């Protein structure tokens, strides 16, 4: 009888997925695309997109030049 060790799939998937921030950014861009094409979105999604856009306007990419990103622990 052979004993086989299988690594659980969850940690393998977690390491293989893109960073959560990148995933959320892609989802937000998709929601914005749907809005621009006239698709009605749930109020919560519309509010979330508006909040994300507010943050992006408040802290534009040009404002982060020369600033080190926070280190993850």
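The values are calculated or read from the model by the stated rules, or taken from the named source; none is laboratory data. What you are looking at is a predicted structure, and each value in this text was computed from that prediction instead of being measured. Here the Cβ positions follow ideal geometry from the backbone for every residue, glycine too, while neighbour counts run over all protein chains shown.
With respect to the conditions (1) at pLDDT 95 or above; (2) in a helix (DSSP H, G or I), residue 40 falls short on a single one, namely (2). In the set (1) part of a helix (DSSP H, G or I); (2) closer than 21 Å to residue 53 by Cβ, the condition left unmet by residue 15 is number (2).
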